[in-house]
Structure formats: C-alpha cells, structure tokens
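See below for the structure under consideration.
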Amino acid sequence: MKTATKLWIGLGVLILLSPLGLILPEHFKAGAAWGEWGTDEMQKLVGYVPKGLEKLSSLWSAPIPNYAFKGWEEKGLPHLSFAYIMSAVVGIAVVVILALIIGKALIKKGD
Amino acid sequence: MHIPDGYLGPATSGVLYAVMLPIWAVASRIVRKTLKARQVPMLAIGAAFSFVIMMFNVPIPGGTTGHAVGGVLVAILLGPWAACIAITVALVVQALLFGDGGITAIGANCFNMAFVLPFVGYYVYKAVSYNAPADSSRKVLAAGVAGYIGISVAAVLAGVEFGVQPLLHHTASGQALYCPYGLNVAVPAMAGEHLLIFGWVEAIVTALVVKYLQKQDPSFLQAGASKAK
C-alpha cells in the first residue's frame, strides 16, 4: 500500500477517535482553554464582561459552533460525540478541497 | 490557542492581519516554485491532519484544556512555507465553520500557529538533526524537541497578544475593553501550560509520526528538507 494511502487511513482513524477530545476534558472536569471563555465565564472570572469583548464576541455565528449541532447543547455525550465526528468529517472535507484547489492553482501558475 | 473574537482590540487584530498578508504572499510565491504536483495531496493531508489533531483537547484535570497543532510535523514534511499555507487553511475553516478562533483574530491565530510555530519548529528540527542519517533516532528526537519548542514559542506570543490588551484598551475607570488579563497573568498562563503539558503532546505527535515515516517511507522525510531554502 502506498504511504499516502496509509496516511489517509490514519486521518480516518483520527476522525473516529476525535470524540476523545470531548470526553476526556469532560471526565477530568477541565473547562475551556485559557483565553477562550464565553461571556458568562468571563463574568464569573473577573466580575464583569469587558465592553469590547461583549460586542465582538457575537460578531460571527458559525454554522456548527464548537463542533456541535445547534440545539443539541443539552444532549448527552453520545450525541455530542456523534456531532463531533460529523464536524471532523465536514471540516476535513472542506479543508482537503480547499488545500487541493490552492495546491493545484499554485502549481499551474508555476509552469 | 485559538484567540476568539473580542479578546484582541482592533489595533492588535489589524496589525497581525497586516503582518500575515505579506507572509501569505511570500508563502504562495515560494510554494509555487517548490511544490511538485505529486506533493499536492500531501499539502491536503497536512492541512487535514492539523485540523483534526486540534480537535483532540487534552485536559488539565480541574483546569483548562489545550491541544497539539501538528504544524511542526507538517513543516518537517513539506517545508515551513507550505506548512504555513496548510495550517492557514485549517485555521480559517475552524474559524468560519466552527467558531473556533475569532474571524477578527484570524491574522493573530495564523501568525502564532501558521507562521511562528512551523518556522520555529522547522529550524529547531534542522539544527538538532543536522547531518543525522535519515534513519537515525536523532531525527526522531529532533522532531520531538522541535514540536515542543515550536508550540511553546507560539503560546508565549499568544500570551503577549492577550496580555498587552489591558495596556492598550481600557475605560477611564480602568476596566478592560478586551482581554482583561495583563502580561503578568497571560504570559505565564500560556507559557506554563504549554511547557508543562501541551508542548509534550506536540512533541510526542511529531516524533511518533517521524519515527513511523522513517520505517515506512523515508523519502517523505527528505521532501521538506530539500525544498527549504
């Protein structure tokens, strides 16, 4: 088997394992990454929400926020894990397509 | 290390976008010259790997989470300029589709993770593996050290970007407008958690894949080295 094929398979395995990145933090009661708190957490941490932060934090509403489907926030870990895997599939598909387009465009112009 | 919208004021976001524009331009020019047609799939694999490895949040029990970026590995395999493009693609998709990292902070996040991280990692790898045979364990060690240092330097810079906000932007009464933590908190927090935990995650990921490729197909390990000038 070609090495590239094996690397693609490796990516598939990582997609299936990705919910570990959701389950382990939950299990060990770890919160958000440093500096990535929402406005509620910010209120708790420093006692107020900085004005500029409050305004900008809702600037962009992503279609799949935090790798979870909208309306599924209260569902259990199995649902969230499924959404996480689907996010990985969608994200990788878009990333791969974009990278191939950019790569091919760059090579063409080089000739 | 994905700085969200609202943590950086317009000055910092703007400056780091302005810094990244010429870097992206140079990256395209260099990759145009050096990337071979058969390496295009590797560019996609590298971007996808970086995307998915960042989903593996590693917990500090009772504390925060963090993750590897995979960018040093991509730099070792494709060279730092191609890695810059691959990681940029991953970060832009994370910001736009998943709200992971702010859209106003794409310049900052790309500066830290798509520029500083792969370049620092790449040159550390070159230095530590200097003249080492392709199948040597020094190359594996070099990959680990490069991953550790690359992500840690990027984290310190993210800490500086967070930490200068209270100095740059505050109300008359002293309340912060954006990130409320100064350099004295942000830099030790970002540096500490990466030096203690997440740096090792990046080191292990980078070293393991390099070790695997040494056995599987050493030509992959020469591709990045031969291209970088």
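Name the residue, out of B:A95, B:A90, B:A176, B:A143, that is more than 9 Å from chain A (Cβ to nearest Cβ), crowded, with 22+ Cβ neighbours inside 10 Å and not polar (S, T, N, Q). Sole residue among the options that is more than 9 Å from chain A (Cβ to nearest Cβ), crowded, with 22+ Cβ neighbours inside 10 Å and not polar (S, T, N, Q): B:A143. Is it true that some residue in the range A:27-41 is facing another protein chain (nearest Cβ under 7 Å), in contact (Cβ under 8 Å) with a residue 60 or more places away in the chain and of a type in the set (A, V, I, L, M, F, W, C)? No, the range A:27-41 contains no residue that is facing another protein chain (nearest Cβ under 7 Å), in contact (Cβ under 8 Å) with a residue 60 or more places away in the chain and of a type in the set (A, V, I, L, M, F, W, C). Could you list, in sequence order, all residues of the range A:87-111 that are at pLDDT below 95 and more than 7 Å from chain B (Cβ to nearest Cβ)? Within the range A:87-111, A:A105, A:K108, A:D111 qualify.
Across the range B:70-77, not a single residue is classified as within 26 Å of A:L11 (Cα to Cα) and touching a Lys or Arg at 6+ places or on another chain (Cβ under 8 Å). A count restricted to the range B:1-15 and to residues that are among the aliphatic types (A, V, I, L, M), more than 15 Å from the chain's Cα centre (by Cα) and surrounded by 18 or more Cβ atoms within 10 Å (Cβ to Cβ) stands at 1.
The helices (runs of 4 or more DSSP H) falling completely within the range B:52-135 that include 2 or more residues that are touching a residue at least 40 places away in the same chain (Cβ under 8 Å) and within 14 Å of B:V153 (Cα to Cα) map to B:71-78, B:106-110, B:117-128. Out of all the residues in the range B:66-84, is one or more facing chain A (nearest Cβ under 9 Å), in contact with a strand residue (DSSP E or B) (Cβ under 7 Å, 6 or more places away or on another chain) and either of a type in the set (K, R) or surrounded by fewer than 24 Cβ atoms within 10 Å (Cβ to Cβ) (or both)? So far as the range B:66-84 goes, yes, one or more of its residues are facing chain A (nearest Cβ under 9 Å), in contact with a strand residue (DSSP E or B) (Cβ under 7 Å, 6 or more places away or on another chain) and either of a type in the set (K, R) or surrounded by fewer than 24 Cβ atoms within 10 Å (Cβ to Cβ) (or both). For A:L7, indicate whether it is facing another protein chain (nearest Cβ under 7 Å), farther than 30 Å from B:P218 by Cβ, crowded, with 16+ Cβ neighbours inside 10 Å and among the hydrophobic types (A, V, I, L, M, F, W, C). No; evaluated as a whole, the condition is false for this residue.
Which ones in the range A:10-31 are surrounded by fewer than 14 Cβ atoms within 10 Å (Cβ to Cβ) and among the β-branched types (V, I, T)? Result: A:V13, single match. For the range A:1-45, a residue qualifies if it is in contact with a strand residue (DSSP E or B) (Cβ under 7 Å, 6 or more places away or on another chain) and either assigned to a helix (DSSP H, G or I) or farther than 26 Å from A:S58 by Cα (or both), and the qualifying residues are A:L24, A:P25, A:F28.
Sort through B:I103, B:I60 and tell me the only one that's over 24 Å from A:L56 (Cβ atoms), facing chain A (nearest Cβ under 7 Å) and either surrounded by fewer than 24 Cβ atoms within 10 Å (Cβ to Cβ) or of a type outside the set (S, T, Y) (or both).
Numbers: B:I103 fails: over 24 Å from A:L56 (Cβ atoms).
Of the residues listed, the single one that is over 24 Å from A:L56 (Cβ atoms), facing chain A (nearest Cβ under 7 Å) and either surrounded by fewer than 24 Cβ atoms within 10 Å (Cβ to Cβ) or of a type outside the set (S, T, Y) (or both) is B:I60.
One residue alone among A:K75, A:K70 is among the charged types (D, E, K, R) and exposed (fewer than 13 other Cβ atoms within 10 Å of the Cβ), and that residue is A:K70.
If the condition is being touching a Leu at 6+ places or on another chain (Cβ under 9 Å) and not basic (K, R), then the range A:22-55 contributes A:L22, A:I23, A:E26, A:A30, A:W37, A:T39, A:M42, A:P50, A:G52, A:L53. Scanning the range A:42-64 for residues that are within 15 Å of B:T104 (Cα to Cα) and in contact (Cβ under 8 Å) with a residue 12 or more places away in the chain turns up A:L53, A:E54, A:S57. Of the residues making up the range A:10-26, those that are more than 15 Å from the chain's Cα centre (by Cα) and more than 7 Å from every other protein chain (Cβ to nearest Cβ) number 4.
In the condition set (1) over 29 Å from A:I23 (Cβ atoms); (2) more than 7 Å from every other protein chain (Cβ to nearest Cβ); (3) in contact with an Asp or Glu (Cβ under 6 Å, 6 or more places away or on another chain), B:V19 is compliant with all but (3).
Restricting attention to the range A:46-67, which residues are outside any loop (DSSP other than H, G, I, E, B) and within 18 Å of B:C179 (Cβ to Cβ)?
Correct list: A:V46, A:K51, A:G52, A:L53, A:E54, A:K55, A:L56, A:S57.
Of all residues in the range B:172-201, those that are more than 15 Å from A:V46 (Cα to Cα) and either outside any loop (DSSP other than H, G, I, E, B) or in contact with a Leu (Cβ under 8 Å, 6 or more places away or on another chain) (or both) total 17.
The values are calculated or read from the model by the stated rules, or taken from the named source; none is laboratory data. Since we're looking at a predicted model, the values are computed, not measured. Counting neighbours? That spans all protein chains shown, and the Cβs are built from the backbone with ideal geometry, glycine included.
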